[in-house]
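Quick notes on the structure that follows.
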Amino acid sequence: MQAKRMNPLRRFFAIRGMGSAMIAFAALIVIYVVFGLREPNVFSPVNIQNLLRSMSKYLIIGIGQSYLLITGNIDLSLGSVVGMSAMISATLMTHGTNPLLAALIALLACLVIGLINGLLVGKAQLPPFIATLGTMFTARGIGYMINGNRNTDAIASGIGKEAGDAFQNFFYYGRTLGVFNTFLVAVVVFIIFFFLLSKTRTGRHIYAIGSNVDAAKLSGVSVFATTTKAYMVSAFCAFVVGLILCAQAGMGNMEAGNMYEMYAVASGVIGGISPLGGTGLLLGTFAGAAVWQTLENGLNMIGAQVGLQRIVIGVIVVFAVLLDVVVRRGTRKRIK
Amino acid sequence: MKEEVLRMDRITFREQGTTELNHFCLDIDAGEIVGLIPINDTGLGALIRLLRQNLPLHYGYVYYRGRLVNHWQESDLTYNRIGVIESRSGLADDLTVADNVFVLRQGFKKRIIRRKVLNRQLEPFLRETGVKLSAEMYARDLTAFPRFITELVKAVVAGCRLIVLMEPASVISDARLATLQRILRHYAGEGISFLYVSRHYEEARQICTRAAIMLNGEIAKVVPTADTLPETLQCFGVEAYTQMVRRQERAKPLPPATAPALMLRDLRFEHIRSLNLSVAPGECVVLQDLNNHILRDLIALLSGARKPDGGQLLVRGKALAARHLRDVAVIQQQPAASMLFPDLSYMDNLCFTLDHRTPGVWRRSAPKASVRAELAPLLGEDVIDKPVEQLSQREKYDLVYTRVLLQRPGVAVCVQPFMGADVEQRMQIWKLMERLLEKGIAVLILAVNLADSLALADRLIRVLGGAVQAVYSREDFGSLPPGTPWHDFWVNPERCFHADAIPNTGSVAPIAPNQPQNQP
């Protein structure tokens, strides 16, 4: 017997988190148009290209944090791991290491931090806020020490101009089919992790842990393994962003990635990822990162003060979380 | 003359457009223990809320300790000093027993807490109960019975003259229930009254002087507990259930002798010491933990969260390992609240434990579509498209048990499956479990009290102090103590109910939402 189906539009919006993601996209369009009307250069192809490139960092880092928010956890070490990734790869490159090998070593170091976070939160059951606060300082400390408490020289100087340029082109300055590579890298990362979250067993386990951890345990889900995987994803994303920042600056900056963990939370929650766990789509994170960057870009272009930019973004984050809480409370009331 | 503690006079109470209590009348005298037997859940939660707080009434009057505290013309939303002890803890886990009893009390004014003084003050109360309990113990470390006693003492210390006990037998073992009854009688002798809520008449009649039968938010009848079960309860919807049990019981064949689906051999872990049992495919075994110590340990072992200290836990002949976890399905008590993922869709919930059988279930849409097409007629077309939190209790139970059915485990472990369920739900759970058994899945019911579990059981294993105390086969159920639910059923297996005397033999009809009521 053919089962009777809901109409496709209702079905689309019935996907948990889709409503919030669509709201974020709508907000993005409104914000973009408003800024565009005020400053026509916002619509220029050059600006659009730059906008996409700049939002890539927030998108990738947001993906990592979204994985954790969905499990009901958080990763405060993200920004420091970004810095560590940038410093390790840059230091190695300035010492003549092949960029690929340097990136691999940086990746390993980042994944170790992810694994430690997973062990502390999943196995030792430390509160994620405290556990990742510890690794945040540790990773930043490693970033400082790796080059003797100073920024690195230009990466092109150590590995030769060609390799340095190739690295910078691949991650930041180069274009493919007219689009900056940075954005393409972000899109690839997005597609991989979107697939992982929505089409695999691990993805369902991530949602299940955030939704009802006890039921997940009783259904044979290893909370430790799943939490660790989420932290590894987050560490991987931080690693990629570290490489992007390294390519952008052409050197390793000890302060790279500072506050990025918070930008990541903001990208997620603006896009409807629930900080209470269990709900959200990476599509929302995409919209959230875009909203964030469009705001920054637009406020810059109309000449708003940096302070005002921060206030506007802060208000939007609080509003997004408030919306999530109110919607959840409303749903619970309706059910009662 | 007897002093009246509580009188609820013709209460009609509505919440969000639904009539929860309808011409509800109940009175309790000082020092009286009154049973309340809800046939269905309508109005039970509202009654408790209304006892605790003076909420706006549609009609009626509430008197507590001789004073009119709430009436339909004016409700001041104040709280009544009435204690309610539920199956879930009402204590602050990280505070000691003494802190919970004294500090978390209305009217406690001291600013500096002197632990020794509190402990000394608590001592006579604990001595009165005859229960050995340290005032310094943290609430988190208390097992069910000491926790219940702590809450009881807390209510007494707080000056509550009426204490509501919500289904104590669902958390307190049979062995401790007798101690609780002694304590209740002691306090009743001191003038404290109790409203003892129980799903089973047999349980209530052991302690109560009379029992009020509650149906669809009203008191259908108040009976002296000297009456026997069938004459008083059969008219209230239980008959259909009883007949169903009896019919099934007669038709039920014994499970064939095959290799056990679950076998515990000399199992040792924390409170479990040398536990031996086996369950065959398609067999239903009830494990009753007489002192409520091992259930948590057993669930931890069976769900694979912990490993045994010694002995063997074999499922389908193999030791339970991480890759075989789907061979065991654990259904927690009150699964509608504990076993679902509210943020996942219905289909995701349904297929959650299917991935070991159909690896592509999350990647491809075909497996889910096939499950949907197969099960939609059974579960309901519209139901599948609903968000999980909008499902009714019945639909949630269907979802949890159908998920287990799809999982096809060797054994389904049901933890207190009938806890808090009304007659209609019990019938449904019964049928859902039958469905598992029909598919050859072994069912192990973990219980503290027997409730309705016996009606389905092939064997009963009673565990005391972490080891098997006695094993009863179905023929031996009649030799269980008289207070056991359904005891009459097993003592007189051929006894028939008088169906002619029953006004409605169908299942209990719930009160319709927004049902028009007489205006006061």
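The values are calculated or read from the model by the stated rules, or taken from the named source; none is laboratory data. The shown structure was predicted, so the numbers you read here are calculated from the model rather than taken from an experiment. Note that we place each Cβ from the backbone using ideal geometry, even for glycine, and neighbour counts take in every protein chain shown. Remember, those area values only see protein heavy atoms, side chains included, never the ligands or the DNA or RNA. Shrake-Rupley method; radii C 1.70, N 1.55, O 1.52, S 1.80 Å.
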Spin-label model distance (nm) - B:Lys132 vs A:Lys161, 7 Å beyond Cα toward Cβ: 8.7
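Using alpha carbon coordinates only, what is the Rg to Rh ratio of region A:44-330, with Rh defined as the Kirkwood radius? Could you put the intermediate results ahead of the total?
Numbers: Rg = 18.6 Å, Rh = 19.0 Å.
So for region A:44-330, dividing Rg by the Kirkwood Rh gives 0.98.
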- request: Please find the FRET efficiency linking B:Val222 to B:Gln390, where r is the Cβ-Cβ separation and R0 is fixed at 41 Å, and quote it to the nearest 0.05.
  value: 0.65
query: How much area per residue is accessible in chain A when the probe is 1.4 Å and only protein heavy atoms are counted (Å²)?
result: 44
message: Using the Cα centre of the protein assembly as shown as origin and beta-carbon charges of +1 (Lys, Arg) and -1 (Asp, Glu), tell me which of A:Gly278, B:Pro417, A:Ala186 is placed farthest towards the positive end of the dipole.
response: A:Ala186
Full-stretch length increase - B:Glu438, B:His186 - with 0.36 nm per residue and alpha-carbon distance subtracted: 85.9 nm
query: Taking chain B on its own, what percent of its Cα-Cα pair distances exceed 35 Å?
result: 40
Paramagnetic reach from B:Thr258 in region B:439-454 [backbone N under 14 Å; point 7 Å along Cα→Cβ]: B:439-443
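Let me know the longest stretch in chain B that avoids all GluC sites (Glu not before Pro) found in a DSSP loop with at most 14 other C-beta atoms within 10 Å. Don't skip to the answer; put the middle values down first.
Working: sites that count: B:Glu3, B:Glu136, B:Glu190, B:Glu494.
It works out to B:191-493.
At 1.4 Å probe size, with the rest of the protein present, what percent of the exposed accessible area of chain A is carbon and sulfur atoms? Let's see the in-between values first.
Working: 10100 of 14710 Å².
So the carbon and sulfur contribution to the accessible surface is 69 percent.
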- prompt: Nearest 0.05, what FRET efficiency do B:Ala467 and B:Ser75 give at R0 = 51 Å with Cβ-Cβ as r?
  reply: 0.40
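Estimate for me the total accessible surface buried between chains A and B (protein heavy atoms, probe 1.4 Å, no ligands or nucleic acids), in Å² to the nearest 100. Working shown, then result.
Numbers: alone 16100 and 23140 Å², together 36500 Å².
Summed over both sides, the interface buries about 2700 Å².
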- prompt: Here are some pairs, B:Lys2/B:Lys154; B:Lys221/B:Lys386; B:Lys221/B:Lys439; B:Lys110/B:Lys132; B:Lys318/B:Lys439; which of them have Cα atoms lying more than 31 Å apart in this structure?
  reply: B:Lys221/B:Lys386; B:Lys221/B:Lys439
Per residue Cα convex hull volume in Å³ - calculated over region B:4-236: 126
- prompt: Simple spin-label model, 7 Å along Cα-to-Cβ: B:Arg323 to A:Thr202 in nm?
  reply: 1.8
Mean accessible surface per residue for chain B, computed with a 1.4 Å probe while every protein chain stays in place, in Å²: 42
task: Could you check the simple spin-label distance between A:Val312 and B:Asp266, using points 7 Å along Cα→Cβ, in nm with one decimal?
output: 7.4
- prompt: What FRET efficiency do you get for B:Thr209 and B:Ser338 if R0 is 45 Å and r is their Cβ-Cβ distance, rounded to the nearest 0.05?
  reply: 0.80
- prompt: So what is the 222 nm mean residue ellipticity for chain B from helices alone, if each DSSP H run of at least 4 adds -39500 (n - 2.57) and you divide by all residues, rounding to the nearest 500 deg cm²/dmol?
  reply: -8500 deg cm²/dmol
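Carbon and sulfur: what percent of chain B's accessible surface (1.4 Å probe)?
Accessible surface attributable to carbon and sulfur in chain B totals 50 percent.
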field: Across A:Lys199/B:Lys368; A:Lys57/A:Lys229; A:Lys217/B:Lys368, pairs whose alpha-carbon gap is larger than 19 Å
entry: A:Lys57/A:Lys229; A:Lys217/B:Lys368
- prompt: To one decimal place, what Kirkwood hydrodynamic radius in Å is obtained for region A:1-156 from all pairs of distinct Cα atoms?
  reply: 19.2
message: What is the distance in Å between the Cα centroid of region A:6-62 and that of region B:90-117?
response: 53
query: Dividing the Cα radius of gyration by the Kirkwood radius, what Rg/Rh value follows for the protein assembly as shown?
result: 1.03
